[in-house]
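The values are calculated or read from the model by the stated rules, or taken from the named source; none is laboratory data. The model shown is predicted, which means the values in this text are computed figures rather than measured ones. Cβ coordinates were reconstructed from backbone atoms using ideal geometry, including for glycine residues, and neighbour counts include every protein chain displayed. The protein model used for the area step is the full one, side chains on, heavy atoms only, and it has no ligands, DNA or RNA in it. Shrake-Rupley method; radii C 1.70, N 1.55, O 1.52, S 1.80 Å.
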Amino acid sequence: MIAPVGASVSSPRRDRVVLAAVVFVVLLAQVLLYPGIADLVAALGASTDLDASMWFLVAEFSAFVVCASLWGAASDRAGRRVPFIALGATGGAAGYLGLAALPAVVDLAFAHVLLIRVLQGAMTIAAFSLSMTMLMDLPGGHGKNMGAAGIAIGGGTATGAPLGGQLATLDPLAPLWVAGVLLLAVVPLVGLLGDRAPGEGRGSLREILGGLTETPALGLPFAFGFIDRMTAGFFALVGTFYFQETFGIGPAETGIVLGMFFVPFALLQYPMGVLSDRIGRTLPIVVGSACFGGAIVLVGLAPTLSLAQAGMVLVGVLGALVSPATMALVTDLANESERGASMAGFNIAGSMGFLAGFLVGGTVADAYGYLAAFLVVGGLEVLIAAVCLPLFLRIEIPVEGTFRPE
């Protein structure tokens, strides 16, 4: 197979850094909006209640679910990833900047705001999902590459939460302006990448996506990706309202509390990814997820802000144990020619998890209170670990990162 243009002269280490930078910026831009979400949707013409914020977040992640597979399949078929990443970053920036600028010149209905969010999400997921896929294409160890993705995800969220809270205190629309500018800034970096896509994949989009059914074990990382992202979505929406209403803090302080989770989650991603290369995926994923769920419940039970912050640190540490191992397992299982579709499937599962975190968490919190919501989300994390443990024990996943049935 002839290597794509640029692949032979591009350093894997440099590409790993550039791709991690793209993932970092996408997550940073996304999380900037969370601490001041109530004031942001009010500035865009909605109410400040939980429902309006929920639908503002749901609009973006609905587009993620629909479009991740399309971008992944298109890149597999074209044998190229870089042009799609650049297009996605540019389109996502246009969406953020449009939301920030249009209210000053046009009287937007909230329905129009949600439509722009859908379009912005449809473009942004290309930059995120295909950057992850390009990390899968790199040599050097699946855990190492997914650890780089994980630390970028964690770093973006860790930075975005406190920074977004500070920006929201200056102007509710300021996070949108900064998010758009950041996405535009990474577009020139994308040109430095060498495409290592394994050439043209299957002949049609349906055939590419249909290839996922050939490896049913991918359902394991997809399931854990779903439940782990559900937790992130839960904290992004319900956690924000919970901390502000229960402990009487504002957007800036809320950003700091969310950062208590995201900072250890970011800093430990890479070493935890390398650890999963050495000891295998089962212990980090299954045991880590069970403990992760218990830590979530502890946050909801904490009687003081200090204890809640300590609980958030614990949640971050355990999340860092699970996340890179789960992403590396996708790489272990995926056929080389279907990595784009496989990572898209993982991101679809994750985006559906975010949606579930918004919808399930918001609905339960509205109907039964915040403690019930924490119990449901934490309990589901423990439940999926218990259900999937027998499946992990029936398969062999060697530590060098290749999957073989027993």
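Side notes on the structure shown:
- Qualifying position, being open to solvent by less than 40 Å² (accessible area, probe 1.4 Å) and at pLDDT 85 or above, among 273, 194, 180: 180
- Residues in the range 167-177 that are surrounded by 18 or more Cβ atoms within 10 Å (Cβ to Cβ) and part of a helix (DSSP H, G or I): 167, 168, 174, 175, 176.
- Looking only at the range 70-96, and only at residues there that are in contact with a Phe, Trp or Tyr (Cβ under 7 Å, 6 or more places away or on another chain) and of a type in the set (A, V, I, L, M, F, W, C), the one that is farthest from residue 56 (Cα to Cα): 74
- Of all residues in the range 58-116, exactly one satisfies the criterion of being more than 21 Å from residue 129 (Cα to Cα) and acidic (Asp, Glu), namely 107.
- Residue match in the range 326-347 (condition: touching a Phe, Trp or Tyr at 6+ places or on another chain (Cβ under 7 Å) and among the small types (Gly, Ala, Ser)): yes
- Scanning the range 235-244 for residues that are at pLDDT below 90 and open to solvent by 10 Å² or more (accessible area, probe 1.4 Å) returns 241, 244.
- Cβ-Cβ contacts under 6 Å between residues 6 or more apart (or on different chains), taken from a first residue in the range 155-171 that is more than 9 Å from residue 35 (Cα to Cα) and assigned by the TED database to the domain that holds residue 261 to a second residue that is open to solvent by less than 10 Å² (accessible area, probe 1.4 Å) and not aromatic (Phe, Trp, Tyr), are absent.
- Taking the range 35-66 as the range and being open to solvent by less than 30 Å² (accessible area, probe 1.4 Å) and either aromatic (Phe, Trp, Tyr) or touching a Ser or Thr at 6+ places or on another chain (Cβ under 7 Å) (or both) as the test, the residues that pass are 35, 37, 38, 41, 56, 61, 64.
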